[in-house]
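Trainee: Pasting a structure here, questions to come.
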């Protein structure tokens, strides 16, 4: 129930400020969307969510260039930023959030370890990105990722 407090604060701020949000998630697998849609009235601010887990979905749905994915990989600040920017533009919202990372327990490398997550928040005037390192199980990484994304948005709204 502790998690619900953060979602409620975000929802209340978005509704009060009459702002809208679109989300593009990868490693969090829709958990951020799930957390926000647990709030009654979320349709007042949450316009759309996409879970773009594969390179193909990132290129087809979010227009992330294939050469960028090839050069930097899906887990990069550039990809998270483009995910946030492009989902915001696609759905004409005030905010876009992009999340990409390695939730584990496999898939990590020396340069991109398990728990590495990039979160980006896009507005019409700027895009702010975070590079995070989370520890724990796959579910713990996903929960920490979505909590950090909610905190990033809430801090911007304040």
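All of the numbers you see were taken from the coordinates with simple rules; none came from a lab. Model, not experiment: these values are computed from the prediction. For neighbour counting, all protein chains shown are included, and Cβ atoms are generated from backbone atoms with ideal geometry for every residue, glycine included.
Trainee: Normalising by the residue count of region 21-157, find the relative contact order in percent from Cα pairs under 8 Å and 6+ residues apart. If you can, show how the numbers build up before the last one.
Mentor: Details: 272 pairs, mean separation 33.4, N = 137.
It comes to 24 percent, rounded to a whole number.
Trainee: For residue 110 and residue 155, calculate 0.36 nm times their separation in residues minus their Cα-Cα distance, and state this gained length in nm to one decimal.
Mentor: Numbers: separation 45, 0.36 × 45 = 16.20 nm, distance 3.19 nm.
Going from the current span to full extension adds 13.0 nm.
Trainee: Sketch the reach of a paramagnetic label on residue 133 as a point 7 Å from Cα along Cα-to-Cβ, and name the residues of region 101-118 whose backbone nitrogen lies under 13 Å away.
Mentor: Inside the label zone: 109-117.
Trainee: Would you please classify the overall shape of region 21-157 from the alpha carbon gyration tensor, given that a ≥ b ≥ c denote the square roots of the eigenvalues, rounded means a/c under 1.5, and beyond that prolate means a/b larger than b/c while oblate covers the rest?
Mentor: Working: a/c = 1.68, a/b = 1.21, b/c = 1.39.
Judged from the Cα gyration tensor, region 21-157 comes out oblate (a/c at least 1.5, b/c at or above a/b).
Trainee: For an R0 of 22 angstrom, estimate the FRET efficiency from the Cβ-Cβ distance between residue 44 and residue 124 and round to the nearest 0.05. Before the final figure, lay out the partial values.
Mentor: On the way: r = 20 Å, r/R0 = 0.89.
Efficiency for this residue pair is about 0.65.
Trainee: Continuing with the same structure: Once the Cα atoms of helix 2-16 and of the chain are each reduced to a long axis, what angle between those two axes, in degrees from 0 to 90 to the nearest 10, is obtained?
Mentor: 60 degrees
Trainee: Rounded to the nearest 5, what % of the DSSP beta bridges within region 21-157 are antiparallel ones?
Mentor: The antiparallel fraction comes to roughly 55 percent.
Trainee: While we're here: Return one number: the angle in degrees, 0 to 90 and rounded to the nearest 10, between the long axis of the Cα atoms of helix 138-157 and the longest principal axis of the Cα atoms of the chain.
Mentor: 50 degrees
Trainee: Kindly state, to the nearest 0.05, the FRET efficiency for residue 34 paired with residue 63, given R0 = 22 Å and r defined as their beta-carbon distance. Don't skip to the answer; put the middle values down first.
Mentor: Values: r = 25 Å, r/R0 = 1.13.
The calculated FRET efficiency here is 0.35.
Trainee: For the Cα atoms of the chain, what angle does the longest principal axis make with the long axis of helix 77-91, in degrees from 0 to 90, nearest 10?
Mentor: It is inclined by approximately 40 degrees.
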